[in-house]
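**Q** The structure's right below; bear with me while I get my questions together.
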């Protein structure tokens, strides 16, 4: 696929340079690239034994920029080439930044053999303006910045949409750096001209832990369903990579089952470090054939106190595969995600790399108004007050990534609800009563009002604004605004005409039960929203109160996760959990969280497993009116189906019998079981989405046959 933006720049060169079959133009002659530097020099050395792309360079004694006109807003690859052409350049230190992100921070070559050492860096940045500015900043007055070559290429949106697996919404404020890109079991080097995006793939041998049973396999590209794939195959394959533990990483794992002769004959597990991310993975369940490429993505934290640590990826044959006992992997990409300070290199912030002393550009600083104000708060009351002031001050701005919220007066809230008429009362929550209302422009809304006689709702009020002012996703409820006036607190949401999932499963006025297709679509939407919370930001968000009552439905029955009153930011990159007092709803609480007070994203996964059981069985998570052995849904269902999946029909809701595909029901039952296992064995929300989508496919295929 041709790139809409395709800049190939040979910096400091006086002539065109051919590199891997592509022509790089001199930076001084490129018609669409403008340079912003006053003090620079070109340097060349054709006697060194490296590619011509590294035989010239542009050097800068002060901050200098390249300005690239952007014809197509969206994801772009930025590729930088460095080779010190002299001993002086081998010892310099410098940084490289865009207008919003740090790519390199005080970069320095750490080798004495500067004649043969080269560095190639690849980044993925989302550009939403018509101009990309790339700035090189010497670390001190005595240092020099330099670059040998630059590539800026448009990337098709689907490459970084992750929609086919993780459904990032996406994450357009996130920058990525490619750390590893491996062609498993293939040739030692896959040249970039063999890739439509000119990516370089290296061999995996130096990362693969020794395993005498590991085999390298390859196929004729014309025999594969899509394109040539190579693979490593054995019963247990592990690759190990040095990484920086201060960052999160996206792992893109490429599969293509070239081993099996028929579907459903290869099952294996995939681990990232000790975390099981794919259990009994059956590729044909997703590809519906063998020999079809498939990609799975996951986001991982690395937890270590060391400055350097290891990340491992393991493919291990599972007990389901009695015939071949094999596991396979075809390709792997590991991409570092920028940290909270918008940097891909250590902990220095963007602003620290652009100082007034050196900057030739006026680059806007990253706003942190909300954080500063919240830190200044001396109490929950004061915190809420300052937080609202910050939102009010920033409500006219959209470039800080926050959702625009409207500030309502208490009089407007009263008018919208007819002074909190009980006929408008539609529900109750931990924060207070919920009323339906109409704004003056006719917009139908739901309004949560805190009890003005109690201070208990202040923390929840602040929490809802804190999270929902920064989040926007089709599967999260929309916060339109809030009121904080004379101790009156109210939150204004988009009205959800479909009510809650809980009301459709257990409500007193249910006339027509949800179909299996509706239930699956609702669960997929809720899983997508939770997955976004866990992975769609630089620091994960743990909902902490996942339950069917907090999954709301709009008029089209699209699921919206709601109620962020007790949500928490997940653990930082150097921690495995958040230590906090236990909060949540009985019947949905993760027992490991309850016992240890250690909160992780997997606590939401447990709660979601309970929701899946409710959807299957049509029973609430807890029902004290039932006999003791049936009060707890999980223990009742598990005991009924223990060691005998034929008993599944005994626990599912009667309205589903004969109308839901049995294999589809079985997938959801097994998925719910996985969610309720020990924390280490629970799947990610991304994996849950995959399985639910497969369950929907199985059910729809039956409907189509009928």
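Readers should treat all values here as calculations from the given coordinates under stated rules, not as data from a laboratory. All of these numbers come straight from a predicted model, not from anything done at the bench. Neighbour counts are summed over all protein chains in view; Cβ atoms, including those assigned to glycine, are modelled from backbone coordinates with ideal geometry.
**Q** By per-residue mean of other Cβ atoms within 10 Å, what is the highest-first order of 572-578, 689-695, 71-77? Walk me through the numbers on the way to the answer.
**A** Values: 572-578: 16.0, 689-695: 22.6, 71-77: 17.9.
By packing density, highest mean first, the sequence is 689-695, 71-77, 572-578.
**Q** Give me the extension gain from residue 666 to residue 41: residue separation times 0.36 nm, minus the current Cα-Cα distance, reported in nm with one decimal. Can you show the working numbers first?
**A** Details: separation 625, 0.36 × 625 = 225.00 nm, distance 6.77 nm.
Gain on extension, residue 666 to residue 41, equals 218.2 nm.
**Q** Once you order the gyration tensor axes a ≥ b ≥ c over the Cα atoms, which shape class does region 1-130 get: rounded for a/c under 1.5, otherwise prolate or oblate by comparing a/b with b/c? Present the calculation step by step, with values, prior to reporting the outcome.
**A** Working: a/c = 1.63, a/b = 1.36, b/c = 1.20.
Taking the square roots of the gyration eigenvalues as a ≥ b ≥ c, region 1-130 is prolate.
**Q** Also, quick follow-up: For region 654-703 and region 47-75, what is the centre-to-centre distance using only Cα atoms, to the nearest Å?
**A** First find each Cα centre; the distance between them is then 50 Å.
**Q** Pop a pseudo-label 7 angstrom from the Cα along the beta-carbon direction at both residue 655 and residue 583 and give the gap in nm to one decimal.
**A** With each label placed 7 Å out from Cα toward Cβ, I get 3.4 nm.
**Q** Output the peptides 410-422, 542-554 sorted from most to least packed, where packing is the average of other Cβ atoms within 10 Å over each peptide's residues. Mind dumping the intermediate values first?
**A** Values: 410-422: 15.9, 542-554: 24.2.
Descending mean neighbour count gives 542-554, 410-422.
**Q** In addition: Rounded, prolate or oblate: pick one for region 530-585, where a ≥ b ≥ c are the square roots of the eigenvalues of its C-alpha gyration tensor, a/c under 1.5 means rounded, and failing that, prolate if a/b is larger than b/c, else oblate. Walk me through the intermediate numbers first.
**A** Details: a/c = 3.75, a/b = 1.66, b/c = 2.25.
The shape class here is oblate.
**Q** Can you compute the FRET efficiency between residue 140 and residue 14 using 1/(1 + (r/R0)^6), with r the Cβ-Cβ distance and R0 = 25 Å? Round to the nearest 0.05. It would help to have the intermediate numbers written out before the result.
**A** Values: r = 30 Å, r/R0 = 1.19.
After rounding, the FRET efficiency stands at 0.25.
**Q** On to the next question. When you count, for each residue, the other Cβ atoms within 10 Å and take the mean per peptide, how do 82-88, 146-152 rank with the highest first?
**A** Numbers: 82-88: 19.0, 146-152: 24.3.
Final packing ranking: 146-152, 82-88.
**Q** Between residue 539 and residue 49, 0.36 nm times their residue separation minus their Cα-Cα distance comes to what? It would help to have the intermediate numbers written out before the result.
**A** On the way: separation 490, 0.36 × 490 = 176.40 nm, distance 4.43 nm.
Full extension from residue 539 to residue 49 adds 172.0 nm.
**Q** Name the shape class, rounded, prolate or oblate, that the alpha-carbon gyration tensor gives for region 565-706, where a ≥ b ≥ c are the square roots of its eigenvalues, rounded holds for a/c under 1.5, and otherwise prolate holds if a/b is larger than b/c and oblate otherwise.
**A** Values: a/c = 2.46, a/b = 1.49, b/c = 1.65.
Since a/c reaches 1.5 but b/c is at least a/b, the shape of region 565-706 is classed as oblate.
**Q** To continue, here is another question. When the chain is fully extended, how far beyond the present Cα-Cα distance does residue 157 get from residue 673, taking 0.36 nm per residue of separation?
**A** On the way: separation 516, 0.36 × 516 = 185.76 nm, distance 3.53 nm.
Here the answer is 182.2 nm.
**Q** Now, a different point. In nm, give the distance between the simple-model label positions of residue 110 and residue 497, each being 7 Å from the Cα along the Cα-to-Cβ direction.
**A** 6.1
**Q** In nm, to one decimal, how far is the residue 576 label point from the residue 628 one, both placed 7 Å along Cα→Cβ?
**A** So the label points at residue 576 and residue 628 sit 3.6 nm apart.
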